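Since the structure comes first, as structure tokens, the remarks are kept for the end.
Computed from the coordinates by the stated procedures, all read-outs in this text should not be read as laboratory data. Everything numeric in this text was worked out from a predicted model, so none of it was measured. Here the Cβ is made from the backbone with ideal geometry for all residues, glycine too, and neighbour counts use every protein chain on show.
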Amino acid sequence: MKNLSVVATLVACFGTFFVGYDAGVMTGMLSVPATEARFGLEQPLVRGIVVSSLYIGAFFGSLGASIPLDRLGRRRAIMLGSVIFAAGVLLQATAFYVEQIIAGRLLAGIAVGIMHSAVPIYIAEIAEEYRRGALATAIEMVLVFGIMVSFLVSLGAYHLDDNVGFRLAFALPILCVPPLIFGMQLLPESPRWLIGKGCTKDALQSLSRLRNLPEDDPILYKEFSQLCSSIENEAQTGEAKFAELLSPCVRKRVLLSLSILVLGETTGLGTIFNFIPDIMRMAGIHRPEVHLLVGAGRSGISMVASGICALLVDRIGRRPLFLAGATCMGAAMGILSALIAVRGFPSVDDQAASYCSIAVVYLFAIGHNISWNSIAYIYATEILPQRLRAKALSISIGIYWLVRTMVVQVAPLLLSLLGWRVFSIFSGICFAIAVGLYFWLPETKGVPLEKMDEVFRDRRLAMSTSSMP
């Protein structure tokens, strides 16, 4: 099949649809007063625990993701994650107590952790280098689409009987699991993983299917030979061990992979994403229907921004998009802080300030989705060595989820204690990140995974936005 790598990317990304849906549906339910009252979600501490429980599960899922990724393969790891996710969703949909929702979100979070490791690795290893960045943006585009659907479903659930509405909203993503498992069964495994397991014949067949070229084609054979040579050279050092992540030649890349993921969370993403109802109330907008529509609108704008990123990432590179995103988010947070701070002043039109706050939330979404939300995972994946990729990424994503858990846990308390000042803090962090990335972020546009070592050996090449020949 022509462009099978594109089809494989879209099928694999189908798993991120229900990841986004489950993350978004809880935010939507926070806007439904009946659901809040049923489970005691009016209390900031309980809200934080319920929302962050998904990320606690993701932390443990990420740390253990390297086991199925290395032993079962990239495809089967995705399928395993989808089965675990279905079990977690069932627990939430049948919940009668808040403890059951927390347990279901913990289980679903384990699946999220596996998916967020497996899907980027699978895409990075099957994609051609000239469109690896563009294909990777599909991960977040589908995830954001899942979030948008969750807000629209929550809006519908708001008008249904409480006992039916929230259960229907939680259960819907189960419908996505069978098509994902069936689709992944039909797709080829990562050629790089197969070579690492000594299955060179299967790897050649897999690469042949992905590139739509016969196995004896010179172009295909050249790529296959380069893969084999690179992976065999790495394999000569023996079985990959976690201790190797601290070796001087690898440590810098692992720290950069970790940093690019964690820095995205310190921009205030978790607060903007998970607590839209709280922010809208601070801005003077109290109708639950408006909260849900704002969330859905933000997701729609995020999809458009991700699409723009897909068009640009393999043309202008990763660095310019990260820098533009951090600057845009910093400006949005600063403006949001000012708009909320001036509400109530005699000379200020409160209604105008409220609607401007919505626009600024959308501006933040644009900044985040032309940068971190679209390319952070693929960047954190592609810079890592092949034989250590699964182990290093599982730790990086695990720590990312741990940081996100802490941010989401304290966000409701900070919003109630500091109010608009929280957004001023996030604004300063965003601008500081932009400055740091300008000096320390290497460019990886157009670089084959097998030549990534050269990027980190040559600083001039690392800071260039031109493709590697």
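Structure data summary
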{"item": "Residue match in segment 204-212 (condition: under 18 Å from R71 (Cβ atoms) and either out of contact with any helix residue (DSSP H, G or I) (no Cβ under 6 Å at 6 or more places or on another chain) or surrounded by fewer than 20 Cβ atoms within 10 Å (Cβ to Cβ) (or both))", "result": "no"}
{"item": "Candidates I383, I335, I378, I316 - the one that is more than 20 Å from I123 (Cα to Cα) and in contact with a helix residue (DSSP H, G or I) (Cβ under 8 Å, 6 or more places away or on another chain)", "result": "I335"}
{"item": "Failed item, numbered, when Y438 is tested on (1) part of a helix (DSSP H, G or I); (2) buried (at least 17 other Cβ atoms within 10 Å of the Cβ)", "result": "(2)"}
{"item": "Close pairs (6 angstrom Cβ cut-off, 6 or more residues apart or separate chains): acidic (D, E) in segment 379-399, surrounded by 24 or more Cβ atoms within 10 Å (Cβ to Cβ) and assigned to a helix (DSSP H, G or I) anywhere", "result": "E382/A124"}
{"item": "The listed residue being under 30 Å from W372 (Cβ atoms) and not in a helix (DSSP H, G or I), out of E215, E189", "result": "E189"}
{"item": "Elements of type helices (runs of 4 or more DSSP H) in segment 1-109, at least 1 residues being out of contact with any Ser or Thr (no Cβ under 7 Å at 6 or more places or on another chain) and among the basic types (K, R)", "result": "33-39, 44-64, 66-71, 74-93"}
{"item": "Given (1) within 27 Å of the chain's Cα centre (by Cα); (2) in a helix (DSSP H, G or I); (3) of a type in the set (A, V, I, L, M), number of the condition I231 does not satisfy", "result": "(1)"}
{"item": "Total residues in segment 272-281, condition within 17 Å of L417 (Cβ to Cβ) and in contact with a Leu (Cβ under 7 Å, 6 or more places away or on another chain)", "result": "2"}
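Every residue, every condition in (1) surrounded by 19 or more Cβ atoms within 10 Å (Cβ to Cβ); (2) of a type in the set (V, I, T); (3) touching a residue at least 60 places away in the same chain (Cβ under 8 Å), yes or no:
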{"position": "V19", "(1), (2), (3)": "yes, yes, yes"}
{"position": "M29", "(1), (2), (3)": "yes, no, yes"}
{"position": "F59", "(1), (2), (3)": "yes, no, yes"}
{"position": "L69", "(1), (2), (3)": "yes, no, yes"}
{"position": "A77", "(1), (2), (3)": "yes, no, no"}
